[in-house]
Amino acid sequence: MRPHKPLTPYLFAAPALLVFAFAVLAPVLATGAFSLTEWSGFGPMTFTGLGNYVRALGDDVFVGSFLHVTLYIVVTIVLEVAFGLVLAGVLAARRGGSPWFRVALFTPVMLPMVVVAVLWSFVYNGDFGLVNASLSAIGLDGLTRVWLGDPATALLAVCVVSGWVYAGFYMAIFYAALTQIPPEVIEAARLDGAGEARIFARVKVPMIRNAVEVCLLLCVTGGFQTFDLFYVLTGGGPYNATEIPTTYLTRVVFRDGEVGYGSAMAVLMTAVVVLVGIVFMRLRRGRGAEA
Amino acid sequence: MRRVPRVLVTVAFTALSVAFFVPMIWMVLSSFKTNAEIFAGPFSLPTGLEFGRWAEAWQMGGIGGYALNSLLVTALSVLLILVVGSAAAFAFSRYVFRGRGALMGLLGLGLLLPIQSYFIAQSRMFTELGLGDTRWALIVPYTAMGLPLAVYLLKVYLDALPAELFEAARVDGAGDLRIYLQIAVPLLKPGIATVAVFSALSCWNEFLLALLYIQDDGLKTIPAGLLAFSSRYVTDYGLLFSALSIITLPMIVIYLVFNRQVVAGITAGSLK
């Protein structure tokens, strides 16, 4: 449509663009500039070129934080995406069943992550927590421990909470996709004598490949940006065992006052997230997948 | 055919759902207990349903104040996202103009960029501008963060409307603003509802910026407020469980009533 007055479209789009440019784009550029300096947030800035980047790549805690988040992502892909897919498969195979299972398992998704984290810090509590109490109740006293305070179990304990929240979320997406599959396709496979598990793996999952890929992308890029759960449950501890890029750089900037160094880490983290997103989209486009 | 019996599936899923809710059931039960009772037996039932601790958490603990702040910040942010976002979506969807693709691409960056790419400089900027420790320090970034997805989704809805509708209004002599207000907005209602659901939830639940930008306890929203609360009453577990219950239960009730809209809103909001 041609605008009544030539300026009209710009006037309609301007407020959104201005707010976005002011609160997001300008700070993105400024963060990039900060990353090339040594600066405490106050007083003079010293230009240090790529010094902060060199430092970050040699910082064991920072490099370790990427390992931790990668491990977290791998485990959550199993606990959230794979488990959600199986749940959706079972529920979708018996059409007409109660929708309440889906409603129930989706519940934690809408709660604030901080609330979930505080609740689970009690579930894992060494003195009165549900996990230890359950283990004692079935005679496995030997297994009780301070789950979040033990470097051997802390990261896995955080992954479990994440799984508790998001398994239902991915299940809802997969369920919606599975119910779109025409029944004739499944009927045909069944007539060929394929069992339910085989139909699921060979017919249904390939047919919802698109949803599976999008969920994997969400799990990976979302995983990199996780903050609330780690910050509240472990704060990166014990002994940096659960330090991830977001918690580490937040601490470096806002507690240690190293704005320049933290900005460089933020730029590196952003590069990874954006790169994963772009590579993923390229791969899909290359195969000619529909969005 | 080796089909798993229906009953077995139902039983398994019922067990799973119950197990899923155990932490929340335990939370509510514990909110009625004293510290001694909590330590004595996590599975024991409370001696009575005493709501005194809930009232204490709400009033003296300040949960009520946090809830009010969350409500104000969320309502204003969502309103801004909807008004500003629908106007931009209208421009991008219905008009052809110079720079349209580039401007849309710029806004599209917001779908990819993590908070970490801008929050360091943003916090410095807000402090310089005197926005630090005000509600605007949350409302402005929440609006900016919500806009890219809102514009994108609303544009998808608008693109699906027939062009003749708008041409006819133009022939009848309606101006641009009138076409937007009287044709586009009413037809956009389902899209606006979806955007409102996921924008509201993400503002309500946002924690990182709320933690860093707001120091004044009187301005804290629920996530950051709950954390302050839990460090204020570190070992008063009964009170902490009460606070958690007060925050969680209303959200669960709202969710159960509007579960279809909430699920649709959240999944649409994350699938982009």
Report, by chain and number, residues whose modeled amide H sits under 5 Å from the one on A:Thr37, excluding near sequence neighbours (fewer than 5 apart, same chain). A:Thr48
How many percent of the alpha carbon pairs in region A:137-269 exceed a separation of 21 Å? 61 percent
Local electrostatic count, B:Phe92, Cβ distance below 12 Å [Lys/Arg +1, Asp/Glu -1]: +2
Using only Cα atoms, locate the centre of region B:196-272 and the centre of region A:58-105, then give the distance between them in Å, rounded to an integer. 22 Å
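Computed over the Cα atoms, what is the radius of gyration of region B:123-250 divided by 2.2 N^0.38 Å, N being its residue count? Kindly include the intermediate steps, with their values, before the conclusion.
Values: Rg = 21.1 Å, N = 128, 2.2 N^0.38 = 13.9 Å.
Dividing the Cα radius of gyration by 2.2 N^0.38 Å gives 1.51.
Provide, for the protein assembly as shown, the number of lysine pairs with alpha carbons under 29 Å apart, each pair being eight or more places apart or on different chains.
Values: A:Lys5/B:Lys155; A:Lys5/B:Lys189; A:Lys204/B:Lys272; B:Lys33/B:Lys220; B:Lys155/B:Lys189; B:Lys155/B:Lys272; B:Lys189/B:Lys272.
So the count of such lysine pairs works out to 7.
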Charges at C-beta only: +1 for Lys and Arg, -1 for Asp and Glu. How large is the resulting dipole of chain A about its Cα centre, in Debye rounded to 20? 1160 debye
Give the residue from B:Gly85, B:Leu16, B:Ala121 lying farthest towards the positive end of the charge dipole for the protein assembly as shown; charges sit on Cβ (+1 for Lys and Arg, -1 for Asp and Glu) and the dipole is referred to the Cα centre. B:Gly85
Ranked highest first by the average count of other Cβ atoms within 10 Å around their residues, in what order do B:198-211, B:255-268 fall? B:198-211, B:255-268
Given Cβ charges of +1 for Lys and Arg and -1 for Asp and Glu, the option among B:Pro148, B:Leu165, B:Leu112 whose Cα lies farthest towards the positive end of the dipole of region B:53-271 is B:Leu165
Please grab the % of Cα pairs in chain B that end up more than 34 Å from each other. 38 percent
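Calculated FRET efficiency, B:Val96 and B:Ala193, Cβ-Cβ r, R0 22 Å, to nearest 0.05?
Values: r = 28 Å, r/R0 = 1.29.
Step by step, r from the Cβ atoms, then E = 0.20.
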Between A:Phe22 and B:Ala36, with labels modelled 7 Å along Cα→Cβ, what's the label distance in nm to one decimal, could you check? 5.8 nm
With a point put 7 Å past each Cα toward its Cβ, work out how far A:Asn210 is from A:Ser136 in nm, to one decimal. 5.3 nm
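Listed highest first by mean packing, meaning other Cβ atoms within 10 Å per residue, what order do B:142-149, A:130-137 come in? Intermediate values should be presented prior to the final figure.
Working: B:142-149: 25.5, A:130-137: 16.8.
Per-residue Cβ counts within 10 Å, averaged per peptide and sorted highest first, yield B:142-149, A:130-137.
For region A:173-212, what value does the Rg/Rh ratio take when both radii are computed over Cα atoms and Rh is the Kirkwood radius, given to two decimals? Present the calculation step by step, with values, prior to reporting the outcome.
Details: Rg = 9.8 Å, Rh = 10.2 Å.
The Rg/Rh ratio comes out at 0.96.
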Placing +1 at every Lys and Arg Cβ and -1 at every Asp and Glu Cβ, with all other atoms neutral, what dipole size does region B:53-271 have around its Cα centre, in debye to the nearest 20? 300 debye
For every helix of n ≥ 4 consecutive DSSP H residues, a contribution of -39,500 (n - 2.57) applies; sum these over the protein assembly as shown, divide by its total residues, and give [θ] at 222 nm rounded to the nearest 500 deg cm²/dmol. -21000 deg cm²/dmol
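Under the Kirkwood approximation applied to all pairs of distinct alpha-carbon atoms, what is the hydrodynamic radius of the protein assembly as shown in Å?
On the way: mean 1/r = 0.0391 Å⁻¹.
One over the average 1/r among Cα pairs gives 25.6 Å for the protein assembly as shown.
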Could you give the size of the charge dipole of the protein assembly as shown about its Cα centre, using +1 on the Cβ of each K and R and -1 on the Cβ of each D and E, expressed in debye and rounded to the nearest 20? 1840 debye
Karplus (6.51, -1.76, 1.60) ³J(HN,Hα), θ = phi - 60°, over region A:242-259, in Hz, Gly and Pro reported as x: 10, 5, 10, x, 5, 5, 5, 6, 5, 5, 4, 7, 8, 10, 7, x, 9, 5
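Values in this text are rule-based calculations from the coordinates and carry no lab data. Every value quoted in this text rests on a predicted model; they were computed, and no experiment measured them. Counting neighbours? That spans all protein chains shown, and the Cβs are built from the backbone with ideal geometry, glycine included.
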